[in-house]
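Report on the following structure.
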Amino acid sequence: MSELSENLSVAFAGEYRHRAAELHKWVDPLSEEQFWRNPFPYGNSVGHLVLHLTGNLSYYIGAQIAGTGYLRNRDLEFTEARKLPKAEVLRKFDETIVMVIAAIENQKEPDWTAPYTAEREPESQNRLTLILRCASHLYHHIGQIIFLSRELRKS
């Protein structure tokens with residue numbers, strides 16, 4: 001593996017590990033009820049955001065790069081009516097992060113610039129762009145989770 005490829009793998013794997021730990025910092029203290037309650041008349045619950053992050057990473061990195069065969073139901077990520085156990089939702093998220101990191105660590109130098117296409121993604125991309133975009137998406141929604149967690153713990 002080239003030095004550049006190794007540096008990309010280490011940097012991205014570290015970023016995904018860090019973000020997963022940050023998510024747990026804000027989600028773990030929430031009760032089951034808080035996990036699924038949205039304190040606002042708009043937006044999503046923490047639980048639905050975690051489902052969405054799991055689905056996003058499972059599809060864009062899992063199915064499209066790691067070849068997991070994951071089939072995504074994006075709408076259900078936001079509308080799931082069953083209040084699944086928080087521990088189960090977090091376990092699936094953690095397993096997804098492990099898969100993402102393994103996929104990143106398996107990238108060889110030519111893989112980073114390999115063409116990438118997927119639903120809801122602009123054409124003419126490569127894997128590096130997608131892995132960066134997914135990290136940014138994760139970071140964005142963790143910001144929402146932090147805001148929701150602070151609000152939920154006030155009550």
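The values are calculated or read from the model by the stated rules, or taken from the named source; none is laboratory data. A quick note: this is a predicted structure, and the numbers were derived from the prediction, not measured. Because the Cβ atoms are built from the backbone with ideal geometry, glycine has one as well, and the counts that use them run over all protein chains shown.
Being in contact with a Ser or Thr (Cβ under 6 Å, 6 or more places away or on another chain) and surrounded by fewer than 19 Cβ atoms within 10 Å (Cβ to Cβ) is a condition met by at least one residue of the stretch 83-95.
Criterion first (surrounded by fewer than 13 Cβ atoms within 10 Å (Cβ to Cβ) and within 13 Å of the chain's Cα centre (by Cα)) does Gly143 satisfy it? Judged against the criteria, Gly143 is a match. Only a single criterion out of (1) assigned to a loop (DSSP other than H, G, I, E, B); (2) more than 16 Å from the chain's Cα centre (by Cα) is not satisfied by Leu152, namely (1). Of all residue pairs spaced 6 or more apart or on separate chains, those with beta-carbon atoms under 6 Å, a first member in the stretch 81-101 that is farther than 16 Å from Arg17 by Cβ and a second member that is of a type in the set (Phe, Trp, Tyr) are Lys83/Trp36; Lys86/Phe35. Residues that are among the hydrophobic types (A, V, I, L, M, F, W, C) and touching a Leu at 6+ places or on another chain (Cβ under 6 Å) were ranked within the stretch 88-133; the one that is farthest from Gly43 (Cα to Cα) is Trp112. For the residues His48, His52, His18, the requirement of being modelled with pLDDT of 95 or more, under 15 Å from Ala135 (Cα atoms) and in contact with a Phe, Trp or Tyr (Cβ under 7 Å, 6 or more places away or on another chain) singles out His52.
Count, please, the residues in the stretch 53-89 that happen to be of a type outside the set (Phe, Trp, Tyr) and within 11 Å of the chain's Cα centre (by Cα).
Here the count works out to 8.
Do we find a residue being under 15 Å from the mean Cα position of the chain (by Cα) and in a loop (DSSP other than H, G, I, E, B) anywhere in the stretch 107-119?
Narrowing the stretch 107-119 to residues under 15 Å from the mean Cα position of the chain (by Cα): none.
The answer is no, given that none of the residues of the stretch 107-119 is under 15 Å from the mean Cα position of the chain (by Cα) and in a loop (DSSP other than H, G, I, E, B).
Screening Ile65 against (1) surrounded by 14 or more Cβ atoms within 10 Å (Cβ to Cβ); (2) in contact with a helix residue (DSSP H, G or I) (Cβ under 9 Å, 6 or more places away or on another chain); (3) over 27 Å from Glu3 (Cβ atoms); (4) not polar (S, T, N, Q) leaves a single unmet condition, (3).
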